[in-house]
Each structure stands twice: as structure tokens, then as C-alpha cells.
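Working notes, structure below.
The values are calculated or read from the model by the stated rules, or taken from the named source; none is laboratory data. Since the structure is predicted, the reported quantities are computational estimates derived from the model, not experimental observations. Cβ placement follows ideal geometry from the backbone for every residue including glycine, while neighbour counts extend to all protein chains displayed. Ligands, DNA and RNA are stripped out before the accessible areas are found, and what is left, the full protein with its side chains, is counted by its heavy atoms. Shrake-Rupley method; radii C 1.70, N 1.55, O 1.52, S 1.80 Å.
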Amino acid sequence: NWTTPLASLSDATVTLGTRTFAAGVPYNLVVWTSNPNNTQDSFTGNDSLVATLQASLEGIYTIGGVNPDYPTFAAAVSDLNQYGVCGPIVFNVRPGTYNERVDITSVVGASAINTVTFQSETRDRADVLLTYTSNSTGDNGVLNFGGAEFVTFRDMTIRNGATGTYCQVVNMGSSTDCTVEGCDLIGPTVNTTSNYAAVVYGYGSNNHRTTIRNCNI
């Protein structure tokens, strides 16, 4: 309980105790007010805040297959974007076809030491197919790095199944120090020179130190 008087429209910093978070377990932090100015609250609709907290990720995880840590790329990326990393992390992707679009943002904690790697578990690019069919500028691209830093995709096939203008395969976004290595990057045969159809797209000064290595394009 915190009961220090506050002036109207003022802020306060409340220091909480410490808590050890078990890996992979979400915790709800709930904060609420009551009895303002020692009177009954006449409007309770703005009294509570709830935040779900979880330990950052580190170590080796699996995607797909039987009893994985994450069933899809999207599920893994959701935790990655929401909780960040506190050490190097590897997602081993099990053989299969993954029909989804991957959108990565700036991952809290990622660095030259705390790198993030997605790779085929067998290290055979033919065993993992990441595929998506784009329809517009809003969903263009199969793998979108966004503002990611120090993220690597390795040893898989990435394909856009679109037949129109919007058929990018990899969009580097505003990423920094990101790598695509040992992958087959496959776009459709289309009659356009638009950058919307680029197999690998990076624009001007938006991204830095991009590496595309040992890929079939």
C-alpha cells in the first residue's frame, strides 16, 4: 500500500520490491487506487492498470514440429518483440512449411553479443519453407526486418507466392546489422521493375550493414 498525499495533477514514483521471474511464465502486475481524498470514489472506471510481464528470452528454442517451444514464427516473434532478450538466442526451426508473414521490430536487449538467430534445425535450406502471398503495400514482403538489430535468418527457403506487383520476399526496413545467409529467396516471375517486386529490398539510408550471403536469389 502507498498512501503518500499527492497534489492535484501531479506524478509520483513508487518503488516496488524485487521479484524473481521464472522463464517463460507471464506475471500480471496490477495497480489500483481507492478511497481518493478519504472519500468514496464516484468514478471507478479509471482506477486500475494491468501489465503482463515476463522474463526476457535467452538460449535455444524450437519452432514447429512436435511439442515445440513455439508452434509458428509469429508466436516466437511475438514474445521476442514483447519481452526482448537478455542473452544470445537461437530459434531452431523444424522441417515443414510455414504459411505466414514475419514482422520483426527493434528487439529490446539485442546487440552484437545478444544476437538473435532463426535457422533450420537440420541446417538444410530445403527442409524449411517460409511462404506468404502478398496482396498490397500493407502486407508486402514475407520477411520484414523493420527496426531489428543483429538478427540472422539462416538455411531456409523464403518464397512469396504472389502473382501481382506486390511480391517482395525480404524487406530490410530500417534494420541494422542484420543477415540473411544460406537461404533460397524466391519471388514470382512478374512483368514489372517496381521495387514492390524486389526479392531483397533496402532503401537508401534506412538500413545499415546488411549482409546477404551465400543465398540463391
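Okay, residues lined up against (1) of a type in the set (D, E, K, R); (2) closer than 21 Å to THR62 by Cα; (3) in contact with a Ser or Thr (Cβ under 7 Å, 6 or more places away or on another chain); (4) touching a residue at least 24 places away in the same chain (Cβ under 8 Å):
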{"site": "ARG123", "(1), (2), (3), (4)": "yes, yes, no, yes"}
{"site": "MET156", "(1), (2), (3), (4)": "no, yes, yes, yes"}
{"site": "SER174", "(1), (2), (3), (4)": "no, no, no, yes"}
{"site": "GLY182", "(1), (2), (3), (4)": "no, yes, no, yes"}
{"site": "GLY202", "(1), (2), (3), (4)": "no, no, yes, yes"}
Unique match (being farther than 30 Å from ARG123 by Cβ and among the acidic types (Asp, Glu)) among ASP11, ASP79, ASP69: ASP11
Yes/no for SER120 being in contact with a helix residue (DSSP H, G or I) (Cβ under 9 Å, 6 or more places away or on another chain), modelled with pLDDT under 95 and either among the aliphatic types (A, V, I, L, M) or at negative phi (or both): no
Evaluation of THR210 against (1) open to solvent by 20 Å² or more (accessible area, probe 1.4 Å); (2) hydroxyl-bearing (Ser, Thr, Tyr); (3) closer than 22 Å to THR137 by Cα (one fails), failing number: (3)
Cross-chain or 6+ apart pairs with Cβ under 7 Å, segment 204-216 first and touching a residue at least 40 places away in the same chain (Cβ under 8 Å), then hydroxyl-bearing (Ser, Thr, Tyr): ASN207/SER174; ASN207/SER175; ASN207/THR176
Segment 138-170, subset of a type in the set (A, V, I, L, M, F, W, C) and in a loop (DSSP other than H, G, I, E, B), residue most open to solvent (accessible area, probe 1.4 Å): PHE150
Those residues of segment 126-135 which are surrounded by fewer than 16 Cβ atoms within 10 Å (Cβ to Cβ) and either acidic (Asp, Glu) or touching a Gly at 6+ places or on another chain (Cβ under 9 Å) (or both), in sequence order: ASN135
Count - residues of segment 98-120 that are touching an Asp or Glu at 6+ places or on another chain (Cβ under 6 Å) and farther than 16 Å from CYS86 by Cβ: 2
Flag if GLY45 is more than 30 Å from THR122 (Cα to Cα) and over 31 Å from the mean Cα position of the chain (by Cα): yes
Given (1) closer than 30 Å to SER106 by Cβ; (2) in a loop (DSSP other than H, G, I, E, B); (3) modelled with pLDDT of 90 or more, number of the condition ALA12 does not satisfy: (3)
In segment 182-203, the residues that are assigned to a loop (DSSP other than H, G, I, E, B) and either open to solvent by less than 70 Å² (accessible area, probe 1.4 Å) or of a type outside the set (Val, Ile, Thr) (or both): GLY182, CYS183, GLY187, PRO188, VAL190, ASN191, THR192, SER194, ALA198, VAL199, GLY202, TYR203
